[in-house]
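What follows is a set of notes on a single structure, which appears directly below.
Rule-based calculations on the coordinates, nothing more; no lab input. Please read these numbers as outputs of a predicted model, since none were measured by experiment. Virtual Cβ from ideal backbone geometry, glycine too; neighbours counted across all protein chains shown.
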Amino acid sequence: MDEINNSIKMDFLSSDALKNRSSMEKIAMIVDKVKNGDLLVMEGGLTPAEEAELIETTMREIDVENFLGIDIYTLEKDQSTFFGLSKRKTVGITIIGPANVMKTVKRKSNFLSMIAQLGGADAPVH
């Protein structure tokens, strides 16, 4: 977050940008960006094991004065299979950011409305 302009940096990553990284490289990159106060919007998402490791890593790094943790929101999409007769859920995008900045307004399986609350006393600063 830029304190002077009261703005937040958002990074958008395609699934191709992450596919050649190891799980630990992905997690380290995500934690670094979020600790800097950035929002990360990823095409697709993390595996359940990667998400669990991300949460575990974040819990170890919490510092009540500088880093309160992360919030993860996933927007799914239906994908037709077998000639369109059945559907399965796949991850469309994942949004990860500082817990003290991200506020959910409305969330459904295929819709997410979110506000990034900026300028609070507990918001991280770059």
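Shape of segment 1-68 from its Cα gyration tensor (a ≥ b ≥ c, root eigenvalues): rounded if a/c is under 1.5, otherwise prolate when a/b > b/c, or oblate? Mind showing how you got there, number by number?
Working: a/c = 2.74, a/b = 1.28, b/c = 2.15.
Since a/c reaches 1.5 but b/c is at least a/b, the shape of segment 1-68 is classed as oblate.
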- Going from the fewest other Cβ atoms within 10 Å to the most, one would list M29, M102 as M29, M102
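Kindly rank 111-118, 50-57, 94-101 from highest to lowest mean number of other beta carbons found within 10 Å of each residue. The partial results should precede the final answer.
Working: 111-118: 12.8, 50-57: 15.0, 94-101: 21.1.
Result, highest mean first: 94-101, 50-57, 111-118.
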